[in-house]
Amino acid sequence: MVYEIHSLLGEEVERDHLGRGLVFRAYQTLERRVFRHAAAVIALGEPVKEVVIAEKGVPADRVRVIYPGVDLGEYGAPGEPASIFGVGAEHKVVMYVGSIVHPNQGVPILVEALPRVFAAVPEARCVLVGGPVEAGATYRAQLGANGDRLIVLAGQTPRQVVALTRRADVLVHPRLACRENYSVQSKIAVYLAAGRPIVATDFGDYQQLLGTTGAGLLTPVAAGPLAEAIIKVLGDPALAARLAAATGPVAREYFAMDRNIARYIDVHHRAIAAGPR
């Protein structure tokens, strides 16, 4: 049996938010039984692997980290950047892709950082690609006079997301430093595949994927440092070019679908050879 971990139970803030009802308890019981007999476990991040070993009792040689795969061909194909209502050719686009309400994604931190970004870079516009639209209205109200500089695009198809990311001057992921973010999400695969400069908060595997590789500019989990990093990238074309140039090799090494398929096959072969526990 090969078991893939997308998120871990027994969390703190995240699990308080989700509740601890019958479904939660049933899933927790099932998880304990699966871990007890799994021939292999696939984790979506190094911190998850550490938890599986330390807390779930799975031997280290039966745990493998494989990140979410993405079709790089969609991003490598020729195409024009998307036109965005409210964004002109003269504007610099700060973009976020994904849920704009899930607590661990940290979008409120980005919104809090925006007034400082807009003050330093008046031509900046922020585009949130994700929903729900109602949350976007709340964020615009929070920004007051700057609210018209925030655009929310909900209900976008994968193909539309590809075109939208081509218009980004910087892609931002302000995720929180919490246990639920031990897993690497497909969002960062999309960001890297897009080949645009990335600014992200420094937590979990992002140091390895973005910091060490030079594919992203990492900041503490706070609005002030995040704003400074965004302003720095928007105002330094050479830095932006270096960050963008480093994304491709990371995307191919860790997230390319063909390589991940080979990794999954290898895990299954090893699991068959090892047998159940």
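The values are calculated or read from the model by the stated rules, or taken from the named source; none is laboratory data. None of these values were measured; they are calculated from a predicted model. Cβ sites come from the backbone with ideal geometry, for glycine too, and all protein chains shown count toward neighbours. Accessible surface areas use protein heavy atoms only, side chains included; no ligands, DNA or RNA. Shrake-Rupley method; radii C 1.70, N 1.55, O 1.52, S 1.80 Å.
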| message | Scan region 124-135 and tell me whether some residue there is touching a residue at least 60 places away in the same chain (Cβ under 8 Å) and not polar (S, T, N, Q). | response | yes
| Of the residues that make up region 25-45, is at least one modelled with pLDDT of 90 or more and loosely packed, with under 14 Cβ neighbours inside 10 Å? | no
| Selected residue (only one of Ala251, Ala246, Ala240 is in contact with a strand residue (DSSP E or B) (Cβ under 8 Å, 6 or more places away or on another chain), more than 21 Å from His91 (Cα to Cα) and surrounded by 13 or more Cβ atoms within 10 Å (Cβ to Cβ)) | Ala251
| query | Within the bounds of region 64-76, is there any residue that is modelled with pLDDT of 95 or more and open to solvent by less than 20 Å² (accessible area, probe 1.4 Å)? | reply | yes
| Can you pull out the residues in region 88-115 that are assigned to a loop (DSSP other than H, G, I, E, B), under 22 Å from Arg159 (Cβ atoms) and touching a Lys or Arg at 6+ places or on another chain (Cβ under 7 Å)? | Gly98
| message | Taking the conditions exactly as written (in a helix (DSSP H, G or I) and crowded, with 17+ Cβ neighbours inside 10 Å), does Leu143 satisfy them or not? | response | yes
| message | Just to be sure before I move on: is Arg263 touching a Gly at 6+ places or on another chain (Cβ under 7 Å) and either open to solvent by 60 Å² or more (accessible area, probe 1.4 Å) or not hydroxyl-bearing (Ser, Thr, Tyr) (or both) in the structure I sent? | response | no
| task | Give the residues of region 208-222 that are within 13 Å of the chain's Cα centre (by Cα) and within 15 Å of Glu46 (Cα to Cα), sorted by residue number. | result | Leu209, Leu210
| field | Given (1) open to solvent by 20 Å² or more (accessible area, probe 1.4 Å); (2) part of a helix (DSSP H, G or I); (3) touching a Lys or Arg at 6+ places or on another chain (Cβ under 8 Å), index of the condition Asn181 fails | value | (1)
